[in-house]
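To start, the structure itself, in structure tokens.
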Amino acid sequence: MSSSAPAAGGTATEGRRSRMTTTRRLSVMMMAMTVLVLTGGAVGAAALSHTAAVSNRLADRISPARTAVSRLESGLLEQVAAVRGYVITGDPALLRPYEEGVAAEGATARRARDLLADEPEARRELDGALALADRWRADYPTRLIAARRAGSTPTELAPIVERARLASDAARDALTALEARLDRVQAAGRADLDHARALRDVLFVAILATLLLSSIVISALVRVTVLRPLGRLGDSVRQVARGDFDHRLSPEGPADIARLTVDVETMRQRVVDALKTSRRHRDALEQQAAELRRSNEDLEQFAYVASHDLQEPLRKVASFCQMLQRRYAEQLDERARQYIGYAVDGATRMQNLINDLLAFSRIGRVYGDDREVDLAEMLAQAESNLSGPIAEAGAEIVSDPLPVVHGDPTLLTMLWQNLIGNAVKFRSGDRAPRIRVEVTEEAAGWSFAVADNGIGIEPQYADKIFLIFQRLHPRGSYDGTGIGLAICKKIVEYHGGTLRLDDEHTGGARFVFTLPKPAAVAVPEQRGVATPVAAPGGA
């Protein structure tokens with residue numbers, strides 16, 4: 001497919017593109033919605049403010065003022081009744097309500113004046129009524145109380161009492177008129193409040209309707225101008241994702257969506273080119289895999305030959321040399337017997353090397369008995385296999401409680417056997433071997449350490465000791481082929497861990513290795529059948 005195809009498709013659909021981007025369209029829509037919301041909010045706030053003002057005037061001014069005027073009127077009635085009762089009975093206790101009423105009237109009058117500060121006409125009526133009450137108190141109660149105390153009878157004071165009643169009625173009538181005015185103001189305020197609430201409700205309904213209609217319009221515009229082109233783009237992308245790589249994407253809609261479509265089309269073309277390249281690489285890999293399978297088959301055949309055909313001549317050489325030594329021992333001189341010993345020793349060492357190579361090659365290829373393994377049992381099995389050398393050296397082995405891991409029991413037994421065997425083999429000549437197995441639980445698994453009090457290993461050989469057939473001592477000093485630690489390292493790495501020499505440890509050697517927890521380990525599937533083998537020679 002030519003890479004110029006998208007350009008041709010884009011030219012054919014140029015008229016379907018929009019010069020306005022999706023961001024700009026959405027910005028215009030959001031600005032319009034914002035203007036509507038702000039306008040509606042301002043109108044609604046004005047309506048709410050007017051409603052609150054009317055409600056506050058009624059609740060905070062008119063209603064409390066009406067209550068205060070009612071208290072003034074009832075207080076005046078109590079004062080008149082107290083004075084009249086004293087005139088009739090002469091009981092001084094009846095004057096107490098009068099005195100308390102006069103004191104309370106002052107506070108109530110001040111509160112009423114404060115509440116009616118914004119109502120000038122009602123304030124004037126209140127001042128007039130209070131002036132009539134003060135005139136009544138100045139003209140009559142004091143005279144009547146003094147005359148009664150002087151010994152005047154109620155009959156003698158009746159004319160004054162009547163004039164006092166008329167004066168108090170005038171003050172009460174003024175307060176009643178003020179109450180009527182406040183009732184009218186209160187009724188008008190309630191009507192205004194109802195009107196304001198109705199207007200507020202109408203405005204809110206209108207604002208909600210406008211916002212709803214605007215949302216519908218904006219949703220329709222977004223669907224037509226944005227979502228529909230995006231939906232077509234998504235359908236085309238899914239069609240390509242399902243495997244139709246020849247499907248061509250045509251740009252349409254806003255400018256940025258059209259550019260995105262062109263970019264996706266370019267990516268599709270690159271995917272097609274990469275797919276062709278990957279197919280060529282896959283064919284090459286399949287060919288290499290076939291060659292690798294043939295190579296593995298050759299290696300397996302070589303392993304079989306090494307384990308059978310190559311060892312048979314070595315066994316014959318060693319056997320016939322030993323027969324020569326036994327049968328013709330009296331006819332051979334010392335040098336001939338020494339040469340026969342060299343031949344037998346060489347054949348034996350060659351057999352050991354072949355067996356160790358076979359054991360090394362089988363790790364990760366033959367053993368496949370992967371399951372939950374109790375390392376304590378594997379350590380006990382290794383100690384049993386090494387019971388002879390351990391008893392001969394008088395070695396002491398101390399171990400922490402060992403966990404259960406996922407792995408191959410044969411390989412893990414081989415690991416313990418090599419590490420413990422090396423600790424026993426490379427012991428110090430002046431003390432009995434003491435081997436300590438430690439374990440520490442970590443987040444991802446366990447860390448194990450095998451420490452001894454033997455001859456130790458210099459830090460500069462920390463890497464060399466894990467190489468195959470690498471020995472730090474002459475061949476005659478210690479037995480073995482020098483492959484033991486290489487096998488240990490391969491076993492640990494096969495189980496997903498690491499093995500190293502602790503170069504900071506003194507007074508012997510200390511090997512540290514890690515193994516993952518059962519839930520985290522992932523041992524690859526192996527071909528072949530697990531075949532138990534004896535542990536190879538140590539390092």
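Summary of computed values
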quantity	calculated
Among (1) basic (Lys, Arg); (2) more than 24 Å from VAL80 (Cα to Cα); (3) surrounded by 13 or more Cβ atoms within 10 Å (Cβ to Cβ); (4) over 60 Å from the mean Cα position of the chain (by Cα) - the single one ARG111 does not satisfy	(2)
Every pair of residues 6+ apart whose Cβ atoms lie under 6 Å, when the first sits in the range 63-84 and is in contact (Cβ under 8 Å) with a residue 24 or more places away in the chain and under 15 Å from ALA170 (Cα atoms) while the second is polar (S, T, N, Q) and assigned to a helix (DSSP H, G or I)	LEU72/THR108; VAL80/SER168
Sole exception among (1) under 26 Å from GLY496 (Cβ atoms); (2) modelled with pLDDT under 85; (3) open to solvent by 20 Å² or more (accessible area, probe 1.4 Å) for ASP430, by number	(1)
Yes/no for ALA147 being over 18 Å from SER74 (Cβ atoms), aliphatic (A, V, I, L, M), touching a helix residue (DSSP H, G or I) at 6+ places or on another chain (Cβ under 9 Å) and free of Cβ contacts under 8 Å to residues at least 24 places away in the same chain	yes
Residue that is modelled with the lowest pLDDT [pool: residues in the range 246-259 that are open to solvent by 60 Å² or more (accessible area, probe 1.4 Å) and farther than 25 Å from ARG24 by Cβ]	ASP246
Test: VAL237 is modelled with pLDDT of 75 or more, within 38 Å of the chain's Cα centre (by Cα) and open to solvent by less than 80 Å² (accessible area, probe 1.4 Å)	yes
One residue from VAL271, VAL262 being among the β-branched types (Val, Ile, Thr), under 29 Å from LEU26 (Cα atoms) and assigned to a helix (DSSP H, G or I)	VAL262
Sole residue being surrounded by 15 or more Cβ atoms within 10 Å (Cβ to Cβ) and modelled with pLDDT under 85, chosen from ALA443, ALA486	ALA486
Qualifying position, being of a type in the set (Lys, Arg) and under 20 Å from ASP139 (Cα atoms), among ARG84, ARG123, ARG71	ARG84
Selected residue (only one of ARG123, ARG228, ARG135 is modelled with pLDDT under 80, open to solvent by 60 Å² or more (accessible area, probe 1.4 Å) and not polar (S, T, N, Q))	ARG228
Members of the range 69-81 found to be among the hydrophobic types (A, V, I, L, M, F, W, C) and surrounded by fewer than 21 Cβ atoms within 10 Å (Cβ to Cβ), listed by number	LEU77, ALA81
All positions within the range 209-220 that are under 38 Å from the mean Cα position of the chain (by Cα) and either crowded, with 16+ Cβ neighbours inside 10 Å or free of Cβ contacts under 8 Å to residues at least 40 places away in the same chain (or both)	LEU212, ILE216, ILE218, SER219, ALA220
Subset of the range 368-400 that is charged (D, E, K, R) and under 15 Å from GLN417 (Cβ atoms) - its residue that is least open to solvent (accessible area, probe 1.4 Å)	GLU383
Every residue from the range 271-291 that is modelled with pLDDT under 85 and open to solvent by 100 Å² or more (accessible area, probe 1.4 Å)	ARG279
Test: residue in the range 201-208 that is surrounded by 13 or more Cβ atoms within 10 Å (Cβ to Cβ), within 18 Å of ARG66 (Cβ to Cβ) and out of contact with any strand residue (DSSP E or B) (no Cβ under 6 Å at 6 or more places or on another chain)	no
Residues located in the range 239-262, provided they are in contact with a helix residue (DSSP H, G or I) (Cβ under 9 Å, 6 or more places away or on another chain) and of a type in the set (Gly, Ala, Ser)	SER250, GLY253, ALA255, ALA258
Residue in the range 191-206 that is assigned to a helix (DSSP H, G or I), within 26 Å of GLY75 (Cβ to Cβ) and β-branched (Val, Ile, Thr) present	no
Number of the exception - LEU166 against (1) open to solvent by 40 Å² or more (accessible area, probe 1.4 Å); (2) in contact with a helix residue (DSSP H, G or I) (Cβ under 8 Å, 6 or more places away or on another chain); (3) part of a helix (DSSP H, G or I)	(2)
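The values are calculated or read from the model by the stated rules, or taken from the named source; none is laboratory data. Quantities reported herein were computed from a predicted structural model and do not represent experimental measurements. Ideal geometry is used to build each Cβ from the backbone, glycine not excepted, and the neighbour counts take in all protein chains shown. Accessible surface is based on the protein model in full, side chains and every heavy atom, while ligands, DNA and RNA are left aside. Shrake-Rupley method; radii C 1.70, N 1.55, O 1.52, S 1.80 Å.
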